[in-house]
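Below: the structure, in structure tokens.
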Amino acid sequence: MKISRTLASASATVAVTALLVLSGCSTDAGSSPAPTSSPAGLPATAPVVAPPEGPVTAAGTVIDAAGDVEICLGIVMESDPPQCVGVPVDGWTWDQVDGSETSGQVRWGSYAARGVYDGERFTLTDTPMLLALYDPMPSEDPTGGVDGRNEERELSRVQDEVFAWLGTDALTAWPERGYVWVQVVWDDGTLQDAVDTAYGQGVVIVTSALRTVG
């Protein structure tokens, strides 16, 4: 299924906190205009990505707005209450976790949760844990620790093109170590293959916010 999420309405002025430590200028899902055309080499629309076959772990801020629960995997806007581009969550109950805050009809907290993702929704399968207690294994560096050789001006252009092309499927994008890094909710290699075809290998690195289990 196509990856999709619900964008909560943002306050006029918000302080934006990234869940990732980014170097250089970054782009988030709330600031990119809708694409009017795709750059040469990229498909007209982003390809459909198959959902993960097994359980995955999602880590981020969980926001419950009057019963509509979502987990924020990208940028969280520090309004009161916080808002984000989130993945809808099924099976969430607050009586199984501590560490939440409330404001009006909104309740939130930061957690790591295991479940299954069908390309649109995340269904809880295990009891969540506080994000502060979550100690994941380090992710493998897809570059093998080798810096890219792409010029900064070119990376800026590619970043804008890829982010506009992905639309709301992109959580954030930023230039670092000679590459454009793009984080999405989930990629099985389909999006990586598409950008490699368009720009060549070693230009754009696509990473998934969801992590496979086992």
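The values are calculated or read from the model by the stated rules, or taken from the named source; none is laboratory data. Note that the coordinates shown come from a computational prediction; the quantities given were computed from them, not determined experimentally. Quick reminder, even Gly has a Cβ in these numbers, built from the backbone with ideal geometry, and neighbours come from all protein chains shown. Heavy atoms of the whole protein, side chains included, go into the accessibility calculation; ligands, DNA and RNA do not. Shrake-Rupley method; radii C 1.70, N 1.55, O 1.52, S 1.80 Å.
Label zone (E120, point 7 Å along Cα-to-C-beta; backbone nitrogen cut-off 16 Å) within region 159-177: 169. For region 101-148, the relative contact order is 27 percent, taking Cα pairs closer than 8 Å that sit 6 or more residues apart in sequence and dividing their mean separation by the residue count. Between region 130-158 and region 174-214, the C-alpha centres lie 9 angstrom from each other. Per the Kirkwood formula applied to alpha carbons, region 48-114 shows a radius of gyration over Rh ratio, Rg over Rh, of 0.98. A Förster radius of 25 Å combined with the Cβ-Cβ distance from S139 to A44 puts the calculated FRET efficiency at roughly 0.20. Here the accessible area of region 43-83 is 53 percent carbon and sulfur, with a 1.4 angstrom probe and all protein chains present. Each residue, R149 and D188, gets one label point 7 Å from its Cα in the Cβ direction; the gap between the two is 3.5 nm. Subtracting the Cα-Cα distance of T93 and A66 from 0.36 nm times their residue separation leaves 8.5 nm of extension gain.
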